[in-house]
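Since the structure comes first, as structure tokens, the remarks are kept for the end.
Please treat every number below as a calculation from the coordinates, not as lab data. Computed from a prediction, not measured in an experiment: that's the story for all the values here. Glycine gets a Cβ as well: all are built from the backbone with ideal geometry, and neighbour counts include every protein chain shown.
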Amino acid sequence: MSTAVITAWSAVSPYGTGRDPLAAGLRARAGAPASAGPEEWTADPDATARVVPGFEVREALGKAGTRGMDRLTGLTAVTVRELLSGTAPAGADGTAGRDGSPGPDGDLGTGLVLGIASGSVQGFMEFTKASLEGASPIDVPPSKTPNMAMNRAASASAIRHRLKGPNTTVAAGRLSGLVALDQARRLLADGRAQRVLTGSAEEYSAARAHLTHAAHGTGVVLGEGCVMVLLEPGDTAAGEPLAEVLAVHHRVAPDGDFAGTLTAAVHAALAEA
């Protein structure tokens, strides 16, 4: 498999919007600011979280096309916007501008692979509640329906930013970011895209807080955010390489031997690299 390189990255995190706040926080080894979310978000009166400060979907993206958009999709769309800013699209029409905006036919060469835990838990709950409380099971507000799709965040972000390459969502729990990176690398190796935006995202919500605290106790502090990287083939990258992806390997541990599985995965990745 040909080598892929990371040429750009961005993030929306509890440190702020864009990669600079996150990089500064990590360099300083500063913990993400604790946020007391709105009362309706929390699982108990004392619950705190690590949320993106001041983030509201319609304020961040505007009112056009955001009615009913879930928070997970909003975080992803903003991160894609931040990442594309200042990068020239890979559109095949050759008329793309230098500001990151695609040409008239859209960005034909750029794909998007997003890793998620399960999608918008809040969106699932709101849809189910409306179905149970309505006059009939199908009596659900149309604006809530798209949030039920696993590929909602990735597809909506691609449509919004006119990315017309392959569009994929993978759900693998805490490994989703690495699995997405592996999928993006395969798309490049197979010639399915000229470059791929890939990363992972998670939202904070009341529904997710209740489910997590019920399973693990109230001592668990939840966060939210999205991180995306721009992956390009090493031999044709338009941007300056920041890092080279030598190998990605992941395994499962059905027998519960997590240490052994981790050791085997590390050995396999080192052998591939």
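For the reader, a short list of remarks on this structure follows.
- Computed [θ] at 222 nm, helices only, for the chain once each DSSP H run of length n ≥ 4 contributes -39500 (n - 2.57): -10000 deg cm²/dmol
- Taking Cβ atoms as reference points and 15 Å as the exclusive limit, the residues near P241 contribute a net charge of -2, counting Lys and Arg as +1 and Asp and Glu as -1.
- A simple charge model with +1 on the Cβ of Lys and Arg, -1 on the Cβ of Asp and Glu and nothing else charged puts the dipole of the chain at about 300 debye relative to its Cα centre.
- Listed candidates (1) 1.12; (2) 0.98; (3) 1.05 - label of the one calculated as Cα Rg over 2.2 N^0.38 Å: (3)
- C-alpha center-to-center spacing [segment 55-86, segment 6-21] in angstrom: 14 Å
- Inverting the pair-averaged 1/r between distinct Cα atoms of segment 202-259 gives 16.0 Å as its Kirkwood hydrodynamic radius.
- For the chain, averaging the sequence separation of C-alpha pairs within contact (under 8 Å, six or more residues apart) and dividing by the residue count gives a relative contact order of 28 percent.
- For segment 176-240, trypsin sites (Lys or Arg not before Pro) meeting the loop criterion (DSSP other than H, G, I, E, B) and having at most 16 other Cβ atoms within 10 Å: R192.
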